[in-house]
1. Let me confirm something: among 171, 120, which residue is crowded, with 21+ Cβ neighbours inside 10 Å, over 28 Å from residue 86 (Cβ atoms) and in contact (Cβ under 8 Å) with a residue 24 or more places away in the chain?
2. Do we have residue 120 as of a type in the set (Gly, Ala, Ser), at pLDDT 95 or above, touching a strand residue (DSSP E or B) at 6+ places or on another chain (Cβ under 9 Å) and in a loop (DSSP other than H, G, I, E, B) here?
3. Going through 160, 182, 253 one at a time, which residue ends up being out of contact with any helix residue (DSSP H, G or I) (no Cβ under 6 Å at 6 or more places or on another chain), within 19 Å of residue 269 (Cα to Cα) and not charged (D, E, K, R)?
4. Can we say residue 107 is over 16 Å from residue 63 (Cβ atoms) and of a type in the set (D, E, K, R)?
5. Any residue at all in the range 210-219 that is part of a strand (DSSP E or B), under 24 Å from residue 122 (Cα atoms) and either β-branched (Val, Ile, Thr) or under 19 Å from the mean Cα position of the chain (by Cα) (or both)?
6. With the condition kept exactly as written, say whether any residue in the range 249-263 is modelled with pLDDT of 95 or more, out of contact with any strand residue (DSSP E or B) (no Cβ under 8 Å at 6 or more places or on another chain) and either over 17 Å from residue 65 (Cβ atoms) or hydroxyl-bearing (Ser, Thr, Tyr) (or both).
7. Given (1) closer than 30 Å to residue 271 by Cβ; (2) in contact with a strand residue (DSSP E or B) (Cβ under 9 Å, 6 or more places away or on another chain), identify the lone condition not met by residue 206.
Amino acid sequence: MLPGCQAYDAAFGKCGASSSSGVSCCSRVRGCGRHCAAGGLQPLSSTRGAGLSLPRIAWCRVCTVVVLVSPDRVLIAANRDERLDRPWDPPAAWWPERPGVVGGRDRSAGGTWMAINQGGVVATVLNRPGTLGPAAGKRSRGELPLLALERATAAAAAEAIVGLDGGLWRGFNMVLADRTGAWFLSCIGHGRPHAEPLLAGVSMVTAYDPNDRDSPRTARHLPRFQAAEQSWNAWHAILSDQRGNPADQINVAPRGGFGTVSSSFLTLAADGDPIWLFAAGPPHRAPFRPVNLRSGIIVSD
């Protein structure tokens, strides 16, 4: 058993939810400009047939976040896909001006792709299609999780983000969660971000809207997560899978200076402390170790 597995399975194993919900990803986006401009915390209506589409690309350079919402806990599994030469640091308390915030740090811009605060709120950020990397005149998307974690609940964090001017950043998706539930947020680089709650069950988010089967990655792997036993080992096996073509790989093999560089498992139990297991490398190779959320230090063997 990998380091930390016993602790994580103890938190993971009680979950009995098995229905699907709503998160997604890759290959065409319809109506996203309308949703971004609308903003607010209203439910997201279907975008199919709205007439707006982006051309299909050979493969998507995106991260993956999988969320299980159930009555007694919220579970999060994530692979981070990034340029192999972009420097980063594993989760720790990197921001003294933000006491209690622990997260991975992007050394290039000082922000984070995933972090958690003392209240057990988790914030993650992902790229939208065609927005990989920084852009002149735009702020780093890595500051968005830090802004979200100024709030004490995921719902309050979502409300704070949708109040921002989305034009300050390149297009982004976010997943915010706490022990009571989870939210999906998105914006394509102008107007206000949009937020919607994720319903009970398993959801999958990459560069596109929740559970969009037009995404090869979502089409292949979402049913696997939905059918799998809700255990650490079962989810780890899926996140570690490097099989498939570049468009649908969930654990992206290095190519063109890009690939999966780290992986995370988190549980936010209704009646217990948060648990974060972090792998400082691709999940098929790097060991998962617990993050001490008080000290912000990864626990060694």
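1. On the way: 171 fails: over 28 Å from residue 86 (Cβ atoms).
Result of the check over 171, 120: 120.
2. So residue 120 passes the test.
3. It is 182.
4. So residue 107 fits the description; yes.
5. Checking the range 210-219: not a single residue is part of a strand (DSSP E or B), under 24 Å from residue 122 (Cα atoms) and either β-branched (Val, Ile, Thr) or under 19 Å from the mean Cα position of the chain (by Cα) (or both).
6. yes
7. Condition (1) is where residue 206 drops out.
The values are calculated or read from the model by the stated rules, or taken from the named source; none is laboratory data. Values in this document were obtained by computation on a predicted structure and should not be read as measured data. Glycine also receives a Cβ, built like all others from the backbone with ideal geometry; neighbour counts cover every protein chain displayed.
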